[in-house]
Amino acid sequence: MLRPTAAKAFGPGRGHDACGRDPAAPRDRLQAIERFFAVLHGFLDDGVSGGVPGRVSSRHGSWRLSRPHPVRDGVEFVLETPSRSIRFLNNLTGMIHVGELTEDGVVPREIFSAQHTPDGFQPIRKVLGPSRSGFQFTAAKTESSLYLSAHTLEVS
């Protein structure tokens, strides 16, 4: 048994487990995507409502963000802007599908997942369409800013 001073000196440090990992850090891709989904919803909610639940009016109409709720394919929330509705679907298999809701159904726009890096899991984004671009590293705050700036949100 190590003396307390040696255990403290050579131990994992405060806030880490015996392997030196942060216990709150996601241990697999599913946990990383669930966290990204929740954080993305939080940033969008802050941007749409200014921290106050409900509806915010802009010069061109109202913005709404639904709460995450279970559906047959997983868990989803919808961002409604004056000109379109965007569906975020966490299919619970390690991917988030983003699509625009139309009268004909959902038009896929992009996919989010997580890539394992030496520092842990990093969210990645793949834009769907004819561009054939690869995955790009991203962050929830960056993505929420992109969605909110796509239609200038001017709170009145």
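The values are calculated or read from the model by the stated rules, or taken from the named source; none is laboratory data. Just so it is clear, the model here is predicted, and its values are computed rather than measured. Backbone-built Cβ (ideal geometry, glycine too); neighbour counts: all protein chains shown.
Things to note:
- Scanning segment 51-80 for residues that are assigned to a loop (DSSP other than H, G, I, E, B), more than 18 Å from the chain's Cα centre (by Cα) and modelled with pLDDT under 90 turns up V52, P53, G54, R55, R59, H60.
- Check on E143, touching a Leu at 6+ places or on another chain (Cβ under 8 Å), closer than 14 Å to I86 by Cα and in contact (Cβ under 8 Å) with a residue 60 or more places away in the chain: yes
- Listed by first and then second residue, the pairs linking a residue in segment 98-126 that is in contact (Cβ under 8 Å) with a residue 60 or more places away in the chain to a residue that is surrounded by fewer than 18 Cβ atoms within 10 Å (Cβ to Cβ) and among the charged types (D, E, K, R), with Cβ atoms under 6 Å apart and 6 or more places separating them unless they lie on different chains, are A114/R29.
- Some residue of segment 26-33 being at pLDDT 65 or above and loosely packed, with under 13 Cβ neighbours inside 10 Å: yes
- Restricting attention to segment 95-133 and to residues that are among the β-branched types (V, I, T) and under 13 Å from the mean Cα position of the chain (by Cα), the residue that is farthest from F77 (Cα to Cα) turns out to be I124.
- A single entry from H16, H41 fulfils the requirement of being touching a Pro at 6+ places or on another chain (Cβ under 9 Å), modelled with pLDDT under 85, surrounded by 11 or more Cβ atoms within 10 Å (Cβ to Cβ) and not in a strand (DSSP E or B): H16.
- Scanning segment 81-102 for residues that are buried (at least 18 other Cβ atoms within 10 Å of the Cβ) and part of a strand (DSSP E or B) yields a count of 9.
- Residue within segment 131-144 that is part of a strand (DSSP E or B) and surrounded by fewer than 18 Cβ atoms within 10 Å (Cβ to Cβ) present: yes
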